[in-house]
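To start, the structure under review is shown below, and the notes come after it.
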Amino acid sequence: MKIHETAIVSKKAQLGKNIEIGPWCVIEDGVVIGDNTRLWQNVYVAGGTIIGKDNIIHMGAVIGHEPQHLQYKGEKTGTRIGDANIIREYVTIHRSFKEGGITVIGNKNYLMAASHVGHDSKLGNEIVMCNNVLLGGHTEVEDKVFMGGGAASHQFSRIGTMAMIGGLTRVVQDVVPYTLLECDAEVCGLNLVGLRRSGISVEARKQIKEAYKIIYHLGLSIPTAIKEIRKIPDPAKEILHMADFMEKTKKGICRRRQKNRSLALE
């Protein structure tokens, strides 16, 4: 264990093996940090935060601080961060605002500089958030999502597995898994490159394309589109996930781009 002499580390914090804590870091009471995690200088970790192993947290990051919510009155809440995450400079991750609630970040995520995770958000695994991405409170982000620089989600939005969000794009409704979203919350196709790289089978990719056309080309309501997707013979788990995701929506799903541009379906 290597702790710089200027770091302030509570005696009530639980530190794992082979941890490195740099200059001027602050670790409050009740913090748990797993093995092989490194904190660069000026990192602040608030009480109620549990951090797993093999994480790298860069300069100026603020982890588990009070939520930016007018109703928060000091309730006991927390933040949970998994393993092997990279959290870059000046990232902010806020704890829940409801008694007993937690903000959750999974494993192998890459949060780039100045990105923000709002209170009560739930992030899966292998997510990339580029510089200045902003997640409002209660945002849910599923596995392998990519969010370009400056993208922002409205509170309670959900972003499905392997969706790709373009830079400076706003997310105001739920983003269906495997889709591309740009600009004014518009779906403009499928994340085909991501689908190929992920190892999803050719047959499953064909079914995802078929499900996409059902959702966005036939003018169906969400419940009717879900029924049609479930009728696809021998459905792959990926399109069943698309249907399940849509069934859980409360805000509706992002609309298809209306501009005269071709869709990325080839």
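Computed from the coordinates by the stated procedures, all read-outs in this text should not be read as laboratory data. Keep in mind that this is a model prediction, so the values were computed, not measured. A quick note on method: Cβ atoms are made from the backbone with ideal geometry, for glycine too, and the neighbour counts reach across all protein chains shown.
Here are the numbers:
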read-out: Cα gyration tensor, segment 2-138 - rounded (a/c under 1.5), prolate or oblate; value: oblate
read-out: Full-extension gain in nm, ASP184 to ASP234, via 0.36 nm per residue minus C-alpha separation; value: 14.5 nm
read-out: Nonlocal amide H pairs with THR103, under 5 Å, H built at 1.01 Å; value: GLY78, THR79, ARG80, SER96, ASP120
read-out: Length gained when the stretch GLN71-LYS98 is fully extended (0.36 nm per residue, less Cα-Cα span); value: 8.8 nm
read-out: Viscosity 1.567 mPa s, 4 °C: Kirkwood-radius Stokes-Einstein D of segment 79-184 over Cα pairs, µm²/s; value: 99 µm²/s
read-out: Nearest-ten-degree value, helix 202-216 long axis tilted from longest Cα axis of the chain; value: 80 degrees
read-out: FRET E, pair THR224, LYS250, Förster distance 22 Å, beta-carbon r, rounded to 0.05; value: 0.75
read-out: Gaussian network model of the chain, Cα within-10 Å springs - most flexible of HIS94, HIS65, HIS217; value: HIS217
read-out: J(HN,Hα) series, segment 226-232, from Karplus relation 6.51 cos²θ - 1.76 cosθ + 1.60, nearest Hz, glycine and proline x; value: 4, 4, 5, 4, 6, 7, 4
read-out: Among beta bridges that DSSP assigns inside the chain, antiparallel share in %, nearest 5; value: 5 percent
read-out: P(r) of the chain over all Cα-Cα pairs, binned every 10 Å from zero, in whole percent; value: 7, 30, 30, 19, 11, 3, 0
read-out: Distance between segment 76-94 and segment 230-261 - C-alpha centres, whole angstrom; value: 30 Å
read-out: Length-normalised contact order for segment 195-247 - Cα pairs under 8 Å, 6+ apart - percent; value: 37 percent
read-out: Alpha carbon centroid spacing (whole Å) that separates segment 1-54 from segment 130-198; value: 31 Å
